[in-house]
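Note sheet for the following structure.
The values are calculated or read from the model by the stated rules, or taken from the named source; none is laboratory data. Since we're looking at a predicted model, the values are computed, not measured. Here the Cβ is made from the backbone with ideal geometry for all residues, glycine too, and neighbour counts use every protein chain on show. For accessibility, only protein heavy atoms count, side chains too; no ligands or nucleic acids. Shrake-Rupley method; radii C 1.70, N 1.55, O 1.52, S 1.80 Å.
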Amino acid sequence: MNVLLTGGAGYIGSHVLRALLDAGHNCAVYDSLVKGHARSVDPTGARLILGDVADSRTLGQTLDENEIDTVINFAAFIEAGESVEKPEKYFHNNTIKGLELLETMRAGGVKRIVFSSTAAVYGSPERIPIEETDPLVPINPYGASKLCVEYMLRAYAHVYGIGGVVLRYFNVAGAHPSGETGEDHTPETHLVPLVLQVPLGMRNDIKIFGDDYDTPDGTCIRDYIHVCDLSEAHVLAAEAIEHGQIKTYNLGNGEGFSVREVIETCREVTNHEIPSQVTPRRPGDPPGLVASSRKAIDELGWKPRFAELKTIVTDAWAWHQNHPDGYDD
Ligand code: UDP
């Protein structure tokens, strides 16, 4: 395949890039570098084109020049909490620009797409583990902004024959075992990298956003998945695209960990005290999200290799220890 990774200089894109290259596919990366890092792409030798997904001229030219047959779109804003405060930012960047991307693909005759969606499309699920056919009732604009694109994809498949795979990510963490790429967001809002900033001496404690949820220890439960396992699923998904069909898969490990359990695992891995402080709930947070990924395992032949939370945290810790300032050092 000739793959264009839009938003491919970000955390997940840079890992998927390596998995695709390892599988022998040709890849180019298209990124505005608003959030992404050129240094996450450079070592691979893949071509990096600077542009916005809504810039149809530059994107169209890129599709053409690189003879792209498949797009994997990672370009998005991803903070559920922020989306509650600034919904317009999310609908504009994720939904409207998502439509622009589909239109440019249509104009260029590119008919295959893998789309990064999210567990946030399920809102506060009634049952766990969540299956792909469960109700889609997002409780934050982030989830809604992604769900809109899922609906667009189905319509484009029906009318224009595009083929696609929607991947609903649960909580992605960890880093590439080579140490070459890992998580670097500004500002950082995700639990695992924030907790690890305590042993790195970059923060004094970790705030726990609410301990009054209806969960065993009162803190939110999430399903953590290693970024390299997630990346393998993208390769399999891209290879499984079928004309005029949209297939949808959850990607998680099927096991939930509370915020307190994640902090405890970070203590074990780093061998460091990690003080915590309970603060009010973060708006837009559902109490529990745990995936059933049976469908991805059965249909795509996906085999997670780093399912243990301890492994995920260990790889994240190695990255952050070597790159305390991310790609800036
Ligand atoms: N969380 C927390 N303190 C933080 C960051 C996150 O307690 O400083 C909690 C958050 O409320 C959620 C879980 O950790 O329950 C995972 O949050 P994250 O932002 O990593 O991912 P999300 O689930 O929002 O995609």
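A few remarks follow.
- Choice from 180, 65, 273 with maximal GNM fluctuation in the chain (Cα, 10 Å cutoff): 65
- Surface exposure of the chain, expressed per residue as accessible area with a 1.4 Å probe, stands at 42 Å².
- Percent of beta bridges antiparallel (DSSP, the chain, rounded to nearest 5): 5
- Probe 1.4 Å - accessible area at residue 279, Å² to nearest ten: 30
- Between the range 305-329 and the range 213-234, the Cα center-to-center distance that results, in Å: 16
- Computed E for residue 133/residue 321 - FRET, C-beta separation, R0 41 angstrom, nearest 0.05: 0.50
- Whole-Å distance, taken between Cα centres, linking the range 1-72 and the range 247-284: 30
- The alpha-carbon of residue 35 sits under 16 angstrom from the alpha-carbons of these lysines, leaving out residues fewer than 8 places away in its chain: 89, 97.
- Per-atom-type breakdown for the range 125-211 gives carbon and sulfur 54% of the accessible area (1.4 Å probe, protein chains only).
- Backbone geometry of the range 204-212 corresponds, through the Karplus equation with coefficients 6.51, -1.76 and 1.60 at θ = phi - 60°, to 3J(HN,Hα) couplings of 7, 7, 10, 7, 9, 7, x, 10, 10 Hz, x marking Gly and Pro.
- Reach of residue 295 by Cα under 20 Å, taken over lysines that are not fewer than 8 positions away in the same chain: 247, 303
- Relative to the longest principal axis of the Cα atoms of the chain, the long axis of helix 259-270 lies at roughly 80 degrees.
- Percent accessible area from carbon and sulfur atoms, the range 56-124, protein chains only, probe 1.4 Å: 48
- Packing order of peptides 18-29, 125-136, 282-293, highest average first: 282-293, 18-29, 125-136 (average count of other Cβ atoms within 10 Å over each peptide's residues).
- Share of carbon and sulfur in the accessible area of the range 233-329 stands at 45%, probe radius 1.4 Å.
- Inter-site label distance for residue 272 and residue 310 at 7 Å from Cα along Cβ, in nm: 2.0
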